[in-house]
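What follows is a short report on a single structure.
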(Lines give C-alpha, C1' and ligand atoms only; values in the text may rest on other atoms or scores of the structure.)
Protein backbone atom coordinates (compact mmCIF):
# COMPACT_ATOMS: atom_id res chain seq x y z
CA UNK A 1 0.00 0.00 0.00
CA UNK A 2 2.76 2.50 0.88
CA UNK A 3 4.55 1.65 -2.37
CA UNK A 4 1.46 2.74 -4.35
CA UNK A 5 1.26 5.99 -2.36
CA UNK A 6 4.93 6.78 -3.04
CA UNK A 7 4.49 6.03 -6.77
CA UNK A 8 1.35 8.22 -6.81
CA UNK A 9 3.21 11.11 -5.17
CA UNK A 10 6.10 10.80 -7.65
CA UNK A 11 3.66 10.77 -10.59
CA UNK A 12 1.92 13.91 -9.27
CA UNK A 13 5.24 15.70 -8.79
CA UNK A 14 6.51 14.76 -12.27
CA UNK A 15 3.20 15.81 -13.85
CA UNK A 16 3.29 19.15 -12.00
CA UNK A 17 6.87 19.92 -13.04
CA UNK A 18 6.12 18.81 -16.60
CA UNK A 19 3.08 21.07 -16.80
CA UNK A 20 5.04 24.01 -15.34
CA UNK A 21 7.88 23.56 -17.84
CA UNK A 22 5.93 22.69 -20.97
CA UNK A 23 2.60 24.57 -20.82
CA UNK A 24 4.08 28.05 -21.51
CA UNK A 25 5.44 26.75 -24.84
CA UNK A 26 1.87 26.74 -26.14
CA UNK A 27 1.00 30.27 -24.97
CA UNK A 28 1.91 33.09 -27.36
CA UNK A 29 1.49 36.64 -26.15
CA UNK A 30 1.18 39.16 -29.00
CA UNK A 31 2.08 42.78 -28.21
CA UNK A 32 1.95 45.76 -30.55
CA UNK A 33 3.42 48.72 -28.66
CA UNK A 34 3.52 51.98 -30.63
CA UNK A 35 6.84 53.33 -31.82
CA UNK A 36 7.96 56.20 -29.53
CA UNK A 37 7.34 59.61 -31.10
CA UNK A 38 10.18 61.08 -33.11
CA UNK A 39 11.30 57.76 -34.57
CA UNK A 40 10.50 56.38 -37.99
CA UNK A 41 9.16 52.95 -38.73
CA UNK A 42 11.81 51.07 -40.69
CA UNK A 43 10.73 49.65 -44.04
CA UNK A 44 11.56 46.00 -44.76
CA UNK A 45 14.12 47.12 -47.36
CA UNK A 46 15.86 49.41 -44.82
CA UNK A 47 15.86 46.64 -42.19
CA UNK A 48 17.39 44.15 -44.63
CA UNK A 49 20.00 46.68 -45.72
CA UNK A 50 21.00 47.47 -42.12
CA UNK A 51 21.13 43.78 -41.15
CA UNK A 52 23.20 42.94 -44.24
CA UNK A 53 25.72 45.65 -43.32
CA UNK A 54 25.96 44.19 -39.80
CA UNK A 55 26.46 40.62 -41.13
CA UNK A 56 29.39 41.81 -43.22
CA UNK A 57 31.23 43.10 -40.13
CA UNK A 58 32.04 39.78 -38.41
CA UNK A 59 30.38 36.68 -37.00
CA UNK A 60 29.88 36.48 -33.23
CA UNK A 61 31.09 33.51 -31.15
CA UNK A 62 28.26 31.79 -29.27
CA UNK A 63 28.72 31.01 -25.57
CA UNK A 64 32.40 31.92 -25.54
CA UNK A 65 33.86 32.32 -22.06
CA UNK A 66 36.18 35.11 -23.19
CA UNK A 67 34.59 38.54 -23.29
CA UNK A 68 35.27 40.65 -26.37
CA UNK A 69 35.07 44.30 -25.45
CA UNK A 70 33.91 46.71 -28.13
CA UNK A 71 33.64 50.47 -27.77
CA UNK A 72 30.41 52.04 -29.00
CA UNK A 73 30.93 53.88 -32.27
CA UNK A 74 28.99 57.01 -31.32
CA UNK A 75 27.05 58.75 -28.58
CA UNK A 76 24.27 60.12 -30.79
CA UNK A 77 21.03 61.21 -29.14
CA UNK A 78 18.79 59.00 -31.26
CA UNK A 79 20.23 55.57 -32.00
CA UNK A 80 18.75 54.00 -35.10
CA UNK A 81 20.89 50.89 -35.40
CA UNK A 82 19.12 47.55 -35.45
CA UNK A 83 20.39 44.33 -33.94
CA UNK A 84 19.17 40.90 -35.12
CA UNK A 85 17.59 38.59 -32.57
CA UNK A 86 19.24 35.17 -32.47
CA UNK A 87 17.53 32.02 -31.24
CA UNK A 88 19.28 29.22 -29.43
CA UNK A 89 19.09 25.44 -29.77
CA UNK A 90 15.46 24.48 -29.24
CA UNK A 91 14.34 28.10 -28.89
CA UNK A 92 13.80 29.67 -32.30
CA UNK A 93 13.50 33.44 -32.57
CA UNK A 94 13.38 36.12 -35.23
CA UNK A 95 13.11 39.88 -35.50
CA UNK A 96 15.40 42.65 -34.36
CA UNK A 97 16.06 45.03 -31.49
CA UNK A 98 16.47 48.80 -31.63
CA UNK A 99 17.76 51.11 -28.89
CA UNK A 100 15.89 54.40 -28.94
CA UNK A 101 16.97 57.41 -26.87
CA UNK A 102 13.81 59.37 -26.10
CA UNK A 103 13.12 62.42 -23.95
CA UNK A 104 11.75 60.03 -21.31
CA UNK A 105 14.82 57.76 -21.40
CA UNK A 106 16.15 54.79 -23.33
CA UNK A 107 13.65 52.40 -24.88
CA UNK A 108 14.69 48.93 -25.97
CA UNK A 109 12.30 47.92 -28.76
CA UNK A 110 11.77 44.45 -30.23
CA UNK A 111 10.34 44.71 -33.76
CA UNK A 112 8.79 41.99 -35.93
CA UNK A 113 9.71 39.71 -33.06
CA UNK A 114 8.72 36.09 -32.65
CA UNK A 115 9.90 33.45 -30.20
CA UNK A 116 8.55 30.58 -28.15
CA UNK A 117 7.37 31.06 -24.60
CA UNK A 118 8.76 29.38 -21.51
CA UNK A 119 8.43 29.32 -17.74
CA UNK A 120 9.21 32.66 -16.03
CA UNK A 121 11.02 34.35 -18.90
CA UNK A 122 12.70 37.62 -17.94
CA UNK A 123 14.41 40.29 -19.98
CA UNK A 124 18.08 40.65 -19.06
CA UNK A 125 20.79 43.10 -20.04
CA UNK A 126 23.94 40.99 -19.72
CA UNK A 127 27.67 41.23 -20.19
CA UNK A 128 27.92 37.60 -21.33
CA UNK A 129 25.64 34.91 -22.78
CA UNK A 130 25.74 32.87 -19.57
CA UNK A 131 24.23 35.78 -17.62
CA UNK A 132 26.98 35.84 -15.01
CA UNK A 133 26.73 39.65 -14.86
CA UNK A 134 23.30 41.03 -15.71
CA UNK A 135 20.47 43.38 -14.86
CA UNK A 136 17.02 41.80 -14.62
CA UNK A 137 14.52 44.12 -16.30
CA UNK A 138 11.61 41.96 -15.18
CA UNK A 139 9.16 39.54 -16.77
CA UNK A 140 8.77 39.62 -20.54
CA UNK A 141 5.74 41.41 -21.98
CA UNK A 142 5.23 39.15 -24.98
CA UNK A 143 6.50 36.57 -27.42
CA UNK A 144 5.41 38.19 -30.70
CA UNK A 145 5.10 41.62 -32.21
CA UNK A 146 6.57 45.04 -31.46
CA UNK A 147 7.47 45.34 -27.79
CA UNK A 148 8.87 48.36 -25.92
CA UNK A 149 10.86 48.04 -22.70
CA UNK A 150 11.91 51.18 -20.86
CA UNK A 151 15.42 50.93 -19.45
CA UNK A 152 15.44 52.14 -15.82
CA UNK A 153 17.08 55.48 -15.14
CA UNK A 154 20.71 55.12 -14.13
CA UNK A 155 21.35 51.97 -16.22
CA UNK A 156 24.16 52.53 -18.73
CA UNK A 157 23.23 50.26 -21.63
CA UNK A 158 26.71 50.63 -23.13
CA UNK A 159 28.06 48.51 -20.24
CA UNK A 160 26.06 45.49 -21.46
CA UNK A 161 26.73 43.52 -24.59
CA UNK A 162 23.51 41.52 -24.85
CA UNK A 163 19.79 41.80 -24.33
CA UNK A 164 18.19 38.40 -23.77
CA UNK A 165 15.11 36.42 -22.89
CA UNK A 166 16.20 34.26 -19.96
CA UNK A 167 14.33 31.37 -18.31
CA UNK A 168 14.86 32.09 -14.61
CA UNK A 169 13.99 28.72 -12.98
CA UNK A 170 16.12 26.67 -15.39
CA UNK A 171 18.86 29.27 -16.12
CA UNK A 172 18.38 28.85 -19.87
CA UNK A 173 18.98 31.40 -22.61
CA UNK A 174 16.02 31.50 -25.02
CA UNK A 175 17.19 34.24 -27.40
CA UNK A 176 19.46 37.25 -27.52
CA UNK A 177 20.64 40.23 -29.52
CA UNK A 178 24.14 41.64 -29.37
CA UNK A 179 23.60 45.36 -28.75
CA UNK A 180 27.17 46.56 -28.10
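Remarks
- Residue-level analysis places residue 55 outside the set of residues that are surrounded by fewer than 16 Cβ atoms within 10 Å (Cβ to Cβ), touching a helix residue (DSSP H, G or I) at 6+ places or on another chain (Cβ under 9 Å) and modelled with pLDDT under 85.
- Meets criteria (in contact with a helix residue (DSSP H, G or I) (Cβ under 7 Å, 6 or more places away or on another chain), more than 20 Å from residue 37 (Cβ to Cβ), at pLDDT 95 or above and surrounded by fewer than 20 Cβ atoms within 10 Å (Cβ to Cβ)) for residue 84: yes
- The number of residues in region 138-172 being part of a strand (DSSP E or B) and touching a residue at least 24 places away in the same chain (Cβ under 8 Å) comes to 14.
- For region 96-123, a tally of residues being in a strand (DSSP E or B) and farther than 11 Å from residue 149 by Cα returns 10.
The values are calculated or read from the model by the stated rules, or taken from the named source; none is laboratory data. This is a predicted model, so every value here is computed, not measured. We place every Cβ from the backbone using ideal geometry, glycine too, and count neighbours over all the protein chains shown.
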